[in-house]
Amino acid sequence: DALNILTAKNGSEALDIIKQHQIDCVVSDIKMPVMDGLTLCRLTHELGYEIPFIFCSGHACELLEKKSKDVGGLALLPKPCFLEIEEMVHGLLFT
């Protein structure tokens, strides 16, 4: 199954992309320039977009996992997590 993948350099750019395109899922780092991933997720949901967020972080811990869930995040995966992201996105979009 083919995916159309859009990328952003920071959270602010990602929010602009979310506003301009039909997005099925967001995979985001938590620490990013301009706007962090938690703020991106919170603002996305406040704007009424029901998009699942999968976070990845090199600093994953219980507190960060709680914060990600508090803003509506689906999961927080520790870096590197490429296989886990692939499996989770496939499960969201194709099952």
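The values are calculated or read from the model by the stated rules, or taken from the named source; none is laboratory data. The shown structure was predicted, so the numbers you read here are calculated from the model rather than taken from an experiment. We place every Cβ from the backbone using ideal geometry, glycine too, and count neighbours over all the protein chains shown. Each accessible area value is taken on the protein alone, full model and side chains, heavy atoms only, with ligands, DNA and RNA left out. Shrake-Rupley method; radii C 1.70, N 1.55, O 1.52, S 1.80 Å.
Here is how the numbers come out for the structure above:
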| item | result |
| --- | --- |
| In order through the range 40-45: 3J(HN,Hα) via Karplus (6.51 cos²θ - 1.76 cosθ + 1.60), integer Hz, x for Gly, Pro | 4, 4, 4, 5, 4, 6 |
| Semi-axis lengths (Å, descending) of the ellipsoid that matches the C-alpha gyration tensor of the chain | 18, 17, 13 |
| Phi-based couplings in Hz for the range 75-86 (Karplus 6.51, -1.76, 1.60; Gly and Pro marked x) | 7, 10, 10, x, 6, x, 9, 4, 5, 5, 4, 4 |
| 5 angstrom amide H check on CYS56, placed H, neighbours 5+ away | SER28, ASP29, ILE30, LEU77 |
| Spatially proximal aspartates and glutamates relative to LYS9 (Cα-Cα < 14 Å; intrachain offsets below 8 disregarded) | ASP29, ASP36 |
| Local net charge near ALA75, Cβ-Cβ under 10 Å (Lys/Arg +1, Asp/Glu -1) | -1 |
| Magnitude of the charge dipole, the chain, Cβ model with Lys/Arg +1 and Asp/Glu -1, debye to 20 | 280 |
| Within the accessible area of the range 4-65 (1.4 Å probe), percent carbon and sulfur | 49 |
| Among LYS69, LYS19, LYS31: highest mean-square fluctuation, GNM of the chain, C-alpha pairs under 10 Å | LYS19 |
